[in-house]
1. Name every residue in region 435-460 that is within 16 Å of ligand 2 (Cβ to nearest atom) and open to solvent by less than 60 Å² (accessible area, probe 1.4 Å), in order of residue number.
2. Only one of 373, 340, 323, 362 is open to solvent by 10 Å² or more (accessible area, probe 1.4 Å) and in contact with a Leu (Cβ under 8 Å, 6 or more places away or on another chain). Can you tell me which?
3. For residue 405, all conditions in the list (1) crowded, with 19+ Cβ neighbours inside 10 Å; (2) under 15 Å from residue 220 (Cα atoms) hold save one; what is the number of the exception?
4. Under 7 Å between Cβ atoms, which residue pairs at least 6 apart in sequence (or on different chains) link something in region 28-49 that is in contact (Cβ under 8 Å) with a residue 24 or more places away in the chain with a partner that is buried (at least 17 other Cβ atoms within 10 Å of the Cβ) and among the β-branched types (Val, Ile, Thr)?
5. Residues being among the small types (Gly, Ala, Ser), closer than 9 Å to residue 273 by Cβ and within 16 Å of ligand 2 (Cβ to nearest atom): count how many of those fall in region 290-332.
6. Can you say whether residue 356 is surrounded by 14 or more Cβ atoms within 10 Å (Cβ to Cβ), more than 23 Å from the chain's Cα centre (by Cα) and within 16 Å of ligand 3 (Cβ to nearest atom), as far as the supplied structure shows?
7. Taking residue 268, is it within 16 Å of ligand 3 (Cβ to nearest atom) and part of a helix (DSSP H, G or I)?
8. For region 237-244, does any single residue satisfy the condition of being more than 24 Å from residue 305 (Cα to Cα), at pLDDT 95 or above and of a type in the set (A, V, I, L, M, F, W, C)?
Amino acid sequence: MFRESPAATGTTVAAIPHEADSLTGLCTRAHLHKVLAGAFAHRRPGHAYPALLALDLDGFKAINDSTGIVTGDGVLARVAGRILIAVPGEATVARIGGDEFAVLLPDGHVAEGVAARLFELIGRPYAVNGHAVTLSVSIGVALAPQHGEDADALLRAANTALHRAETGGRNHWVVFEPWMQARASARQSLEIDLRAAISLNRVELRSAVAIEQFEVHYQPQVSLAERRLQGFEALARWRHPERGMVGPDQFIPIAEETGLIGLLGNWVLHTACRAAAAWPTPRHGAPLQVAVNVSPLQLRDRHALIESIAQALGESGLAAPRLEIEITESALIGDSRATLQAIKALGVTLSLDDFGTGYSSLSHLAHYPFDRLKIDRCFIRDLPNGGLAEGRVPARAKWMIQAIASLGSGLDMSTVAEGVETELQAQQALEAGVTDMQGYLIARPTPEDDLPPLIQRLDA
Ligand code: C2E
Ligand code: MG
Ligand code: MG
């Protein structure tokens, strides 16, 4: 066991007088900068180089929300105390943000050992004000001089490694590597372009008018047995003047992180409803539906989302059941049930996207008002492809699809096989009991102007 002080009483560097963080007694960000700059300026030839560790607590906000700020503060003070226990005496420890800390080690050789120890100590359970709390930490490690030859560069490298640790599933530590900087810069320049493109269109993004650089493409969904056209999924596209076509997998996450997803999602919704209202009714079957992806972040602002859906329906005149709202499985963590019920109350169709890849438990399905399950592409991709030496994965994929299809049918939901590329996959999905499909076998996502001949072909 280790002894734990309720709050840290000071930092380990006493040489430079400084303002302490009042909650933890650790150094402030400004002081850390000073010490780090000094470590570079006064390093004697032949002596060790410093290392910097950037720490961010995982899921701290949830602890604050569920146990209250007083307990949250208590946890932060305990974390500070444990950091001081884990680091060597000559280290400088700072709190640089709400739940962010940094450790400066004058001798970088020990950095990885310290990171491992911090990770282990911070991860042990806490008891604060009668609450049992567990948390984990993500850590980015940067070593001088190879990762940064001055204070700013080393700080940047540690933060880049931290970001990598967090996007790679949190709860671990990562040592900086140069490719991370390249990727972070590429992402940053994409973010700058996305902000520029969205602010260029800011006013128009509230409606369904055509805007510069962004488009919506539509991919058909058909029934598996009769190949009857049911509707299209709307997929956002960004046609950048220099970069060319940028895929939503690249720009949607940035739009989410930067708070731009609300505007963009609203525009896709309005545009898709307006397009669908003009589609002809097929000769066979019901009026065509349009499926629109909604980000988990849009779900958080329930009123804005409901208003946006109601407006898009009202302005386009599209009948509510013809609009399908797709929500990814990972959005089901947290309190999304009331929001989904409010969406459903508008009369629209609700589907659960990328099923089988997120974190939702099966029990969710019984409690959420979904009409449709979209079976993630990875299951379809793994199906037997007719080769001679098929292993266990294809056999399992087929069982998984069969189980999901029967779950859907028992719960009165239709099921869509996503990413069907071959006749063999379609046939196996049909045999497994899946009702519908979407994929390159039928058609790729298609610009709005090219839809009439596609509708004609599929409705023949
Ligand atoms: P998703 O909702 O699962 O959309 C299906 C994705 O699978 C699309 O990728 C589609 O082009 C691709 N796909 C369809 N059939 C096949 C196939 O046979 N083979 C292969 N390899 N791929 C196929 P896309 O258009 O790149 O979109 C990626 C993801 O970006 C979407 O996944 C969706 O989660 C997200 N997204 C797209 N548009 C929007 C949007 O307007 N709002 C939000 N929030 N997310 C969007
Ligand atoms: Mg989708
Ligand atoms: Mg999907």
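The values are calculated or read from the model by the stated rules, or taken from the named source; none is laboratory data. Please read these numbers as outputs of a predicted model, since none were measured by experiment. As a convention, Cβ positions derive from the backbone with ideal geometry for all residues, glycine included, and neighbour counts pool all protein chains shown. The accessibility values were calculated without ligands, DNA or RNA, using every heavy atom of the protein model including side chains. Shrake-Rupley method; radii C 1.70, N 1.55, O 1.52, S 1.80 Å.
1. To start, the set of residues in region 435-460 that are within 16 Å of ligand 2 (Cβ to nearest atom) comprises 436-440, 442-446.
Listed by number, the residues that qualify are 436, 437, 438, 439, 442, 443, 445, 446.
2. Numbers: 373 fails: open to solvent by 10 Å² or more (accessible area, probe 1.4 Å); 340 fails: open to solvent by 10 Å² or more (accessible area, probe 1.4 Å); 323 fails: open to solvent by 10 Å² or more (accessible area, probe 1.4 Å).
362 is the lone residue from the list that is open to solvent by 10 Å² or more (accessible area, probe 1.4 Å) and in contact with a Leu (Cβ under 8 Å, 6 or more places away or on another chain).
3. All conditions pass for residue 405, except number (2).
4. 29/96; 32/92; 32/96; 35/13; 35/92
5. If we filter region 290-332 for residues that are among the small types (Gly, Ala, Ser), which is where we start, we get 291, 295, 304, 308, 310, 312, 314, 316-317, 319-320, 330-331.
Still in the running and closer than 9 Å to residue 273 by Cβ: 312, 316-317.
Keeping just the survivors that are within 16 Å of ligand 2 (Cβ to nearest atom) gives none.
Counting residues in region 290-332 that are among the small types (Gly, Ala, Ser), closer than 9 Å to residue 273 by Cβ and within 16 Å of ligand 2 (Cβ to nearest atom) gives 0.
6. Working: surrounded by 14 or more Cβ atoms within 10 Å (Cβ to Cβ): yes; more than 23 Å from the chain's Cα centre (by Cα): no; within 16 Å of ligand 3 (Cβ to nearest atom): yes.
Criteria not met by residue 356.
7. On the way: within 16 Å of ligand 3 (Cβ to nearest atom): yes; part of a helix (DSSP H, G or I): yes.
Spelling it out, residue 268 is indeed within 16 Å of ligand 3 (Cβ to nearest atom) and part of a helix (DSSP H, G or I).
8. No, because not a single residue in region 237-244 is more than 24 Å from residue 305 (Cα to Cα), at pLDDT 95 or above and of a type in the set (A, V, I, L, M, F, W, C).
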